[in-house]
Each structure stands twice: as C-alpha cells, then as structure tokens.
Amino acid sequence: MKTISHHAALVYIMVLVSAADGAMNEQELAAIGDLTRRLPVFKGFDRDRLLAMAQDCSVILQEEDGLAAVLGLIKEAVPEPLCETAYWLALEIAVTDSRVALEEIRVIETLRYTLGIDRLVAAALERGARARFQVA
C-alpha cells in the first residue's frame, strides 16, 4: 500500500465525507478550500496540490474495496495527536450544507472507529459542529 502525507490524509477525509452522498457540492468544495487555507494544521501544505489530492482520493474510492483502501491510507498517515482534528474536519464538511445525509453519518462513524476517537470525545465534537451551523 502506498503512503500519503498527513496533509493528504486530512484532504482525503474531507473528500470522503463530501462524496459519501454521491455528490460533492459547491459548498463542500469551498469549505475544503477554506479549511486548508486557514487552519494551522495545514501549515506548510502545498495548496496547488489540493485538486490533485482530491482527484487521487476519488480515483481510489472508485476502485474495488476503495473505501477500505482510503481508510487504510488515512489510518496510516494521521498521527495520533491529529486524530481529533481529522474527525472534526469530517464533521465540518458534513454540516457545511446544513444537511447531513445518512451516507455521511455512516462514513463519519467509520472514521471514528478508524481514528480511534472515544465516544464521548466524538459526541463533544459533533455537538460543537452542530452548534456552529445552527440557525434560529
């Protein structure tokens, strides 16, 4: 199995969640770009490679056992101190369009297990994501 950088793994996570419902919409794509521009975890990230990374992830996902392959790459590349950040990124993309599809929930749950996120930590991150996008 090839290896990827932790930056690529974080991009793969966002692409995975965005593509989970069968379509990557404009809001989700814009959010991915915004998050890679402004978050400290992406310091040193070559933004010129963002589109190529997203396309690489999409190609792998279309292969037989593509989801398992992407999850394996993510598990291998995300260092333990960044697991909660990675999970948070997945949540951010899922709630960006104010609608979380069942497929996105399933992918996020799978990511939680893959990244070894504790149930209570996951609940806190999920509540924070919901609160950030809640409207009256």
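The values are calculated or read from the model by the stated rules, or taken from the named source; none is laboratory data. The structure displayed is predicted, hence computed values, not measured ones. Positions of Cβ are generated from backbone atoms using ideal geometry, with glycine treated the same way; all protein chains shown enter the neighbour counts.
Residue-by-condition table, conditions (1) surrounded by fewer than 12 Cβ atoms within 10 Å (Cβ to Cβ); (2) touching a residue at least 40 places away in the same chain (Cβ under 8 Å); (3) of a type in the set (Phe, Trp, Tyr); (4) closer than 16 Å to SER5 by Cβ:
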| residue | (1), (2), (3), (4) |
| --- | --- |
| GLU28 | no, yes, no, no |
| THR36 | no, no, no, yes |
| SER98 | yes, no, no, no |
| THR114 | no, yes, no, no |
For GLU76, work out the one condition from (1) under 27 Å from ARG132 (Cβ atoms); (2) at pLDDT 95 or above; (3) of a type outside the set (A, V, I, L, M, F, W, C); (4) surrounded by fewer than 18 Cβ atoms within 10 Å (Cβ to Cβ) it doesn't fulfil.
(1)
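Per-residue answers, yes or no, for (1) surrounded by 15 or more Cβ atoms within 10 Å (Cβ to Cβ); (2) without any contact (Cβ under 8 Å) to a residue 40 or more places away in the chain; (3) of a type in the set (Gly, Ala, Ser):
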{"position": "VAL59", "(1), (2), (3)": "no, yes, no"}
{"position": "ALA68", "(1), (2), (3)": "no, yes, yes"}
{"position": "PRO81", "(1), (2), (3)": "no, yes, no"}
{"position": "THR85", "(1), (2), (3)": "yes, no, no"}
{"position": "ILE93", "(1), (2), (3)": "yes, no, no"}
{"position": "ARG106", "(1), (2), (3)": "no, no, no"}
